[in-house]
1. Calculate what fraction, in whole %, of the accessible area of the protein assembly as shown sits on carbon and sulfur atoms when a 1.4 Å probe is rolled over the protein chains.
2. For segment A:4-111, what is Rg from Cα atoms divided by 2.2 N^0.38 Å, rounded to two decimals?
3. Mean separation of Cα pairs under 8 Å and 6+ residues apart, divided by the residue count of chain B: what relative contact order is that in percent?
4. Over the protein assembly as shown, average the accessible area per residue using a 1.4 Å probe and give it in Å², no decimals.
5. Hey, what's the per residue convex hull volume over the C-alpha atoms of the protein assembly as shown, in cubic angstrom?
6. Based on alpha-carbon positions alone, could you give the equivalent ellipsoid semi-axes of chain B from the gyration tensor, as √(5λ), descending, whole Å?
7. Evaluate E = 1/(1 + (r/R0)^6) for B:Ser84 and B:Asn1, where r is the Cβ-Cβ distance and R0 equals 45 Å; express this FRET efficiency to the nearest 0.05.
8. Whose amide H sits under 5 Å from the amide H of B:Phe96, counting only residues 5 or more places off or on another chain, with H placed in the peptide plane?
Amino acid sequence: QQQVKQSPQSLIVQKGGISIINCAYENTAFDYFPWYQQFPGKGPALLIAIRPDVSEKKEGRFTISFNKSAKQFSLHIMDSQPGDSATYFCAASMASGSRLTFGEGTQLTVNP
Amino acid sequence: NAGVTQTPKFRILKIGQSMTLQCTQDMNHNYMYWYRQDPGMGLKLIYYSVGAGITDKGEVPNGYNVSRSTTEDFPLRLELAAPSQTSVYFCASSYFAGALEETQYFGPGTRLLVL
């Protein structure tokens, strides 16, 4: 019940295309859903996050869509660029604490 | 402001050896974490600490120990290294004051190979 399932494991997109990464969770107590971006040889860094009281959050080319009834959320990268090539992790945490449960990660490659 | 620093960057251990992975943060964060990252498995929480002198187990604590004597430092100890501990280890820190949207800041990682 603590798991966060992420798909796909890897994704290849052409420059200018849309990248979509999906996550699903079981625990309805999760109340905060961040996405972390990790470049090769670096630690993950917070990219964007959402609370379940909104269905969508947009920051530049990055958008989180949230479906509370389906217990799913997704990251959309518009106009994908080669510099977006990285591993993306979705995560979730509960209001009662700050421990994050991470998804398995998606390795995104954007071809020029 | 260096953020979260980890040493060493890379280490090869023989089975049964011991070592300590060092982690230091200079952001005065109260929470600190140790994760391991294996291919296709995401980040698994090993141990975490909510303040100096307070530590707790995460999802995969077996084979590891931690201590937190100061706010800044959170070392991870491997006592009897096993090949299953071959992984990339990340330390992270955050300032948690009851607000939900706290950001975890990660170090650059330590790559450990146990042979």
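The values are calculated or read from the model by the stated rules, or taken from the named source; none is laboratory data. Since the structure is predicted, the reported quantities are computational estimates derived from the model, not experimental observations. Please note: Cβ atoms are built from the backbone with ideal geometry, for glycine as well, and neighbour counts cover all protein chains shown. Surface areas here come from the heavy atoms of the whole protein model, side chains and all, with no ligands, DNA or RNA. Shrake-Rupley method; radii C 1.70, N 1.55, O 1.52, S 1.80 Å.
1. 51
2. Ratio of Cα Rg to 2.2 N^0.38 Å: 1.01.
3. Here the relative contact order equals 35 percent.
4. In whole numbers, the protein assembly as shown has 48 Å² accessible per residue.
5. Here the figure is 123 Å³ per residue.
6. Semi-axis lengths for chain B are 23, 14, 13 Å.
7. The computed FRET efficiency comes out at 0.80.
8. Amide H to amide H, under 5 Å and 5 or more residues apart or across chains, B:Phe96 pairs with B:Asn30, B:Tyr31.
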